[in-house]
Amino acid sequence: MRYLRIKFVLFILLLAPGVLAATGDVPWYAPALDPLLSAVGLALAGVLSWLAGEAIRWLRAQVSSQRTQEALVLLTEATEAAANEIGQSYVDALKAAAADGKLTLDEATEARRKAVAKARDLLGERGLATLDRALGGSTGAALEAWLAAKVEQAVRGAK
């Protein structure tokens, strides 16, 4: 209730000069009201400008976060698809040809290299660029390490 009284008094103080000016009577506080309203308007403009800047920063962070999540989902899907494809075509053929049904270290390394290359092909230039931006513009070696780690994770998840 007190808030409403304060609001009413402020309303009357702000409206009174305009109403009284029409009748020819000017209250004693009217000359001080113009600079006060100018200062309040200037302060309000500054606050609104700051709020707009903060809103833009927040929006950019949300978009960046969303792009990062999309890039990581794209990376996961591409590496899983690449690991499955290489596993079904290359690795299964090598296991069938081996006497003990297991891969040698060189064959496993080659399979991993092929899976990373296939993941790069599936991602394409645009996907790799998006992933590179999501990783903070990392070097090619860091991107290769990410791809190799995700392929290894996909292989272990498939077992």
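The values are calculated or read from the model by the stated rules, or taken from the named source; none is laboratory data. In this text, all values refer to a predicted model and were calculated from it rather than measured experimentally. Cβ placement follows ideal geometry from the backbone for every residue including glycine, while neighbour counts extend to all protein chains displayed.
What number goes with the only condition from (1) exposed (fewer than 13 other Cβ atoms within 10 Å of the Cβ); (2) over 17 Å from residue 73 (Cβ atoms) that residue 157 does not pass?
Condition (2) is where residue 157 drops out.
Under 9 Å between Cβ atoms, which residue pairs at least 6 apart in sequence (or on different chains) link something in the stretch 83-111 that is within 18 Å of residue 149 (Cα to Cα) with a partner that is loosely packed, with under 12 Cβ neighbours inside 10 Å?
83/157; 83/158; 84/158; 87/158
Go over the candidates 78, 71 one by one and state the one that is at pLDDT below 80 and assigned by TED's automatic domain parsing to the domain that holds residue 127.
71
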